[in-house]
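A.B. asks: Sending over a structure as structure tokens; questions will come in a sec.
Nothing in this text is a laboratory measurement; each read-out follows from the coordinates by a stated rule. Only a predicted model underlies this, so the values are computations on that prediction, with no experimental measurement involved. Neighbour counts run over all protein chains shown; Cβ positions are idealised from the backbone, glycine included.
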Amino acid sequence: MLNGREKNGDLGIDWKQYALGANHYKRKTVGFGKYDKKEREYEKEIYIREMSIIEGGIGCSIWDAAIIISRWIFKNNTVFNNQTVLELGSGVGLPGILSAYYAKHVTLTDYLPPLIENLNYNIELNAKQDDGGSDNEDDEEEKQRKFTSLDSIRNKSTVKMLNWDEVDKIQDDTQYDIIFGSELTYSMLSVDNLIKVILKYLKPDGIFYEILSDDRDGVGYFIEEMTKRGFVNNIVSVPQEFLGNYGTKQRPETYKYYSFKYDNGLCKHKNME
């Protein structure tokens with residue numbers, strides 16, 4: 001257990017698949033949209049380096065829930081246009097990096113130093129692909145232009161350490177239009193501090209999105225406590241179009257999309273559906 005944030009329930013994972021030795025990594029490409037058979041590529045592709053569970057804990061790899069919420073982000077990318085975004089529990093960063101292509105700015109967060117280093121690596125990995133790969137044929141002026149472009153995700157993304165257990169000690173009070181995450185409400189022990197994080201960083205007219213398996217502990221308590229703090233929610237089963245073909249070893253689970261906004265009439269963001 002790290003900082004009281006353990007994963008409850010049997011995930012049905014063959015942990016040997018993730019037991020890479022320290023400083024060992026695995027690369028994955030996750031595609032979105034239409035697949036071009038001629039070019040052998042998807043409409044949008046995100047490149048991710050997974051890491052050893054020894055160093056990254058449960059944030060070491062891509063989980064089904066992260067793929068499902070990423071598919072929603074790709075289809076509903078206009079939701080993120082000109083928005084400031086905070087991703088909680090980023091892990092290897094798939095949803096956060098994808099959202100950076102559409103948002104004004106995205107802050108990806110987690111609480112283990114190896115995860116922070118790997119998040120920065122994955123952002124730069126995708127930025128280099130956007131630049132055209134190795135850039136070997138570009139002159140120095142063109143390389144600099146690509147590197148400093150405001151449209152580059154390297155300049156639209158920030159990685160920060162965020163330990164929910166220490167949120168009361170953090171001086172940064174920056175608030176965001178959208179906060180989201182995958183499988184954040186997984187334990188009774190994580191709920192109270194997660195709510196503190198949301199209350200601290202969500203704008204009065206902002207929205208909180210989450211995807212959760214029905215098997216996770218703490219969900220009912222989370223909904224109850226968020227309601228007490230003035231939030232209204234919208235909860236829907238994940239549409240079939242976002243399910244399946246994950247390419248992971250995780251056992252099948254049933255997921256729902258959760259949307260929370262303050263009950264003040266200010267939020268204009270759409271609910272997940």
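A.B. asks: What does the charge count around Trp72 come to, taking other residues whose C-beta lies under 15 Å from its C-beta (Lys +1, Arg +1, Asp -1, Glu -1)?
C.D. replies: It works out to a net charge of -1.
A.B. asks: Additional query: Considering only C-alpha atoms, what is the centroid distance from the stretch 23-39 to the stretch 70-130, in Å?
C.D. replies: Rounded to whole Å, the Cα centres lie 16 Å apart.
A.B. asks: Moving on to the next point. Restricting attention to the stretch 38-85, which trypsin sites (Lys or Arg not before Pro) occupy a DSSP loop and are surrounded by at most 16 other Cβ atoms within 10 Å?
C.D. replies: Lys38, Arg40
A.B. asks: So what's the net charge close to Gln171: Lys and Arg +1, Asp and Glu -1, counting the other residues with Cβ under 14 Å from its Cβ?
C.D. replies: -1
A.B. asks: With unit charges on the beta carbons (Lys and Arg positive, Asp and Glu negative) and the dipole taken about the Cα centre of the chain, which residue among Asn155, Ile170, Leu194 sits farthest to the positive side?
C.D. replies: Leu194
A.B. asks: Out of Val79, Pro239, Ile207, whose Cα points farthest toward the positive end of the dipole of the chain (charges: +1 Lys, Arg; -1 Asp, Glu; placed on Cβ)?
C.D. replies: Going by the charge dipole, the pick is Pro239.
A.B. asks: Work out the length of the dipole vector of the stretch 140-273 about its Cα centre, built from +1 on the beta-carbon of each Lys and Arg and -1 on the beta-carbon of each Asp and Glu, and round it to the nearest 20 debye.
C.D. replies: In total the dipole reaches around 280 debye.
A.B. asks: Placing +1 at every Lys and Arg Cβ and -1 at every Asp and Glu Cβ, with all other atoms neutral, what dipole size does the chain have around its Cα centre, in debye to the nearest 20?
C.D. replies: With only Lys, Arg, Asp and Glu charged at Cβ, the dipole is about 440 debye.
A.B. asks: Which residue fluctuates the most in the chain, going by a Gaussian network model with Cα springs under 10 Å, if the choices are Thr227, Thr84, Thr107?
C.D. replies: Its mean-square fluctuation being the largest, the pick is Thr227.
A.B. asks: For the chain, modelled as a Gaussian network with Cα springs under 10 Å, which listed residue fluctuates most, Gly93, Gly181, Gly31?
C.D. replies: In this elastic network of the chain, the residue with the biggest mean-square fluctuation among Gly93, Gly181, Gly31 is Gly31.
A.B. asks: Pull up all non-local amide H partners of Leu86: gap of 5 or more, or a different chain, and H-to-H distance under 5 Å with H placed in the peptide plane.
C.D. replies: Thr107, Ile178, Ile179, Phe180
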